[in-house]
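The values are calculated or read from the model by the stated rules, or taken from the named source; none is laboratory data. The shown structure was predicted, so the numbers you read here are calculated from the model rather than taken from an experiment. Ideal geometry is used to build each Cβ from the backbone, glycine not excepted, and the neighbour counts take in all protein chains shown. Only protein heavy atoms, including side chains, enter the accessible area calculation; ligands, DNA and RNA are left aside. Shrake-Rupley method; radii C 1.70, N 1.55, O 1.52, S 1.80 Å.
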Amino acid sequence: MNTISNVAELSGGINPGNLIETDIDEQLFRFNSDDTPLMNLMLRAKRVKVNSPEVDHYMIDEPAANFRTAEALSPSSAQQSVLPLEANDQNLARPFTTLLVNGVDGFAPDGLTPTPGKWLMLFVTGQDASTNNPVVRAVNGPKRNQSDEFCGIPAIPAGTSLTILANSLYETQKEVDPDLIVPQPSRVYLQKRGMNQVVSDYFESQRKRLPFSKAVIAEQAIANFKVRGNRTLWAGRPGKMKINVPKMGLQYVYTTEGLRWQFKRELAHSGAWTVEKLISLAKMFFTGEDVPKTALLLAGKNLLEALQCIDYSKHPEIQISQRQNTLGWSVTCIHTVFGDIEIKREPTLDRLGWANCGALIGEDRVVHYVYSTEHSFSDRVDGEEATRNGILIWDAIALKGSCHIWIEGDGNELSESVLRMWDSEQAPQGADEGSRFLLIRDCPGMNPDAKAGQIWTVTRTITGSGPSATETDIWTRLD
């Protein structure tokens, strides 16, 4: 059994004692807020206090609902068979779980009459000792004779999707394996950033009427601090190194990982944006295993322009409005049947060369790890008639859940599972093996059953040899 405290430990320290509402300097938050949206999003996110600059971060999601067979399962009249799965999926099918085999027809109670459209269901009895794959029995499989007590199992093709249903216990059973699968953590480094300037005096300048030149210098220092920090939150690379500090010895320097490199889902896009593509994006975001409350799109200027230039005249049901979101920003909101997408321009993406890109983020799925709470200091400078004032911050931003999507408009895909939108009835030619396509319209060129909204991938087979060898694309549905 798993308790709430166990899950809290897995979540990197997020529990009732550590998960608190943000406590930030409102004036610092609002200063140049339109120029650093990601930093402001981090300041508004759930703050988690940690006791080390190194954090094991768990992207705990809703448990997976589906997985696929790794190999074809031959038909068998035996009472049970071993179901071949990928190693990462083997622990999902626990004993006493029932599985729905999508697309494979079951049989009537007599075991002799197929029931088209009423799919096969499997019951997991245990795990195979040699392969660790689940051992299954068919609930509504074929029988040799109508009087047989047990069913056989029909052929199940490779790549068949199976949906996890509820467990089914025997009459006196009360103990069952826990459902929670402990995820693998990723190491997050918190980066210490600092600025040597008078901050609090600047924010008091309206009342104290400081000299104009001093106010301008302080304003520029704060702007540089926030803008450079915002670039780091987007594009920083994680690192840990030792440096020799005079009179202090060896000390560690940490650099944090930017949000760009944390996305598990990427959508590659080329060409003009259409309403159909926008709706597909909303469906991907709001209908996965991890469903967020809101969708915030931080977009580069070219992506923002492309979305604004979509012809919405044929879709009057899509409403576009200007409103103030929960962060206090003025955003453009696109209302779809799946959910609302709030769009905000992120100037830092332009400066990083990602003007055609954007990040679709679940606002409530962002974590702000803090090792040392933001604080200011004031020290006398040795040998000088001067005082050094400044602020220090030691923190990192991290994504929770799997809803977040990076929209890649420059062709620099990083994820092996990157999706490409396909808006044609003909199959793409020359696609790399393993490429994944999100269909915007029905695509009979791939497969007669390839419908809009589905995800398909391609594998390639070679027949013959030498000059007469031919390649054939094999298309398989993934979702």
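Criterion first (more than 19 Å from Trp234 (Cβ to Cβ), open to solvent by 40 Å² or more (accessible area, probe 1.4 Å) and assigned to a strand (DSSP E or B)) does Ile320 satisfy it?
Considered against the rule, which asks whether it is more than 19 Å from Trp234 (Cβ to Cβ), open to solvent by 40 Å² or more (accessible area, probe 1.4 Å) and assigned to a strand (DSSP E or B), Ile320 comes out as yes.
Condition check: more than 20 Å from Ser280 (Cα to Cα) and at pLDDT 90 or above. Does Arg380 satisfy that? Here the answer is no, as Arg380 does not meet what is asked.
Of all residues in the range 429-441, those satisfying the criterion of being over 16 Å from Arg265 (Cα atoms) and surrounded by 16 or more Cβ atoms within 10 Å (Cβ to Cβ) are Ala431, Leu439, Ile440.
Within the range 304-316, does at least one residue satisfy the condition of being open to solvent by less than 70 Å² (accessible area, probe 1.4 Å), outside any loop (DSSP other than H, G, I, E, B) and touching a Lys or Arg at 6+ places or on another chain (Cβ under 9 Å)? Checked the range 304-316: at least one residue is open to solvent by less than 70 Å² (accessible area, probe 1.4 Å), outside any loop (DSSP other than H, G, I, E, B) and touching a Lys or Arg at 6+ places or on another chain (Cβ under 9 Å).
What are the residues in the range 323-349 that are outside any loop (DSSP other than H, G, I, E, B) and open to solvent by less than 30 Å² (accessible area, probe 1.4 Å), if any? Answer for the range 323-349, where residues must be outside any loop (DSSP other than H, G, I, E, B) and open to solvent by less than 30 Å² (accessible area, probe 1.4 Å): Val331, Cys333, Ile334, Ile341, Glu342, Ile343, Lys344, Pro347, Thr348, Leu349. Counting only strands (runs of 3 or more DSSP E) that sit completely within the range 28-122, those holding 3 or more residues that are at pLDDT below 90 and not acidic (Asp, Glu) correspond to 46-49, 66-68.
Looking for whichever is among the hydroxyl-bearing types (Ser, Thr, Tyr) and free of Cβ contacts under 8 Å to residues at least 60 places away in the same chain here; the options are Thr232, Thr255. Which one fits? Only one candidate passes the filter, namely Thr232. Would you confirm whether or not the range 132-144 contains a residue that is touching a residue at least 24 places away in the same chain (Cβ under 8 Å), surrounded by fewer than 20 Cβ atoms within 10 Å (Cβ to Cβ), of a type in the set (A, V, I, L, M, F, W, C) and over 22 Å from Leu169 (Cα atoms)? No, every residue in the range 132-144 fails to be touching a residue at least 24 places away in the same chain (Cβ under 8 Å), surrounded by fewer than 20 Cβ atoms within 10 Å (Cβ to Cβ), of a type in the set (A, V, I, L, M, F, W, C) and over 22 Å from Leu169 (Cα atoms).
This table checks each residue for (1) buried (at least 16 other Cβ atoms within 10 Å of the Cβ); (2) among the charged types (D, E, K, R); (3) within 26 Å of Leu478 (Cβ to Cβ); (4) out of contact with any Lys or Arg (no Cβ under 6 Å at 6 or more places or on another chain).
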{"position": "Leu85", "(1), (2), (3), (4)": "yes, no, yes, yes"}
{"position": "Leu92", "(1), (2), (3), (4)": "yes, no, yes, yes"}
{"position": "Phe96", "(1), (2), (3), (4)": "yes, no, no, yes"}
{"position": "Gln127", "(1), (2), (3), (4)": "yes, no, yes, yes"}
{"position": "Ser147", "(1), (2), (3), (4)": "no, no, no, yes"}
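Tell me whether the range 407-417 contains one or more residues that are open to solvent by less than 70 Å² (accessible area, probe 1.4 Å), modelled with pLDDT of 90 or more and under 30 Å from Asp56 (Cα atoms). For the range 407-417, residues open to solvent by less than 70 Å² (accessible area, probe 1.4 Å), modelled with pLDDT of 90 or more and under 30 Å from Asp56 (Cα atoms): present.
For the range 134-144, check the following and say yes or no: at least one residue is of a type in the set (Gly, Ala, Ser), under 30 Å from Gln184 (Cα atoms) and either under 33 Å from the mean Cα position of the chain (by Cα) or at pLDDT 90 or above (or both).
No, every residue in the range 134-144 fails to be of a type in the set (Gly, Ala, Ser), under 30 Å from Gln184 (Cα atoms) and either under 33 Å from the mean Cα position of the chain (by Cα) or at pLDDT 90 or above (or both).
Consider Glu257 carefully, then state whether it is part of a helix (DSSP H, G or I) and either open to solvent by 60 Å² or more (accessible area, probe 1.4 Å) or not aliphatic (A, V, I, L, M) (or both). No: the conditions fail for Glu257.
Would the range 418-426 turn up any residue that is open to solvent by less than 50 Å² (accessible area, probe 1.4 Å), under 29 Å from Leu349 (Cα atoms) and among the hydroxyl-bearing types (Ser, Thr, Tyr)? No, the range 418-426 contains no residue that is open to solvent by less than 50 Å² (accessible area, probe 1.4 Å), under 29 Å from Leu349 (Cα atoms) and among the hydroxyl-bearing types (Ser, Thr, Tyr).
Looking only at the range 448-479, count every residue that is open to solvent by 40 Å² or more (accessible area, probe 1.4 Å) and either in a strand (DSSP E or B) or modelled with pLDDT of 80 or more (or both) and tell me the total.
16
The condition of being open to solvent by 40 Å² or more (accessible area, probe 1.4 Å) and over 20 Å from Ile361 (Cβ atoms) holds for only one of Lys247, Lys264, Lys283, that being Lys247.
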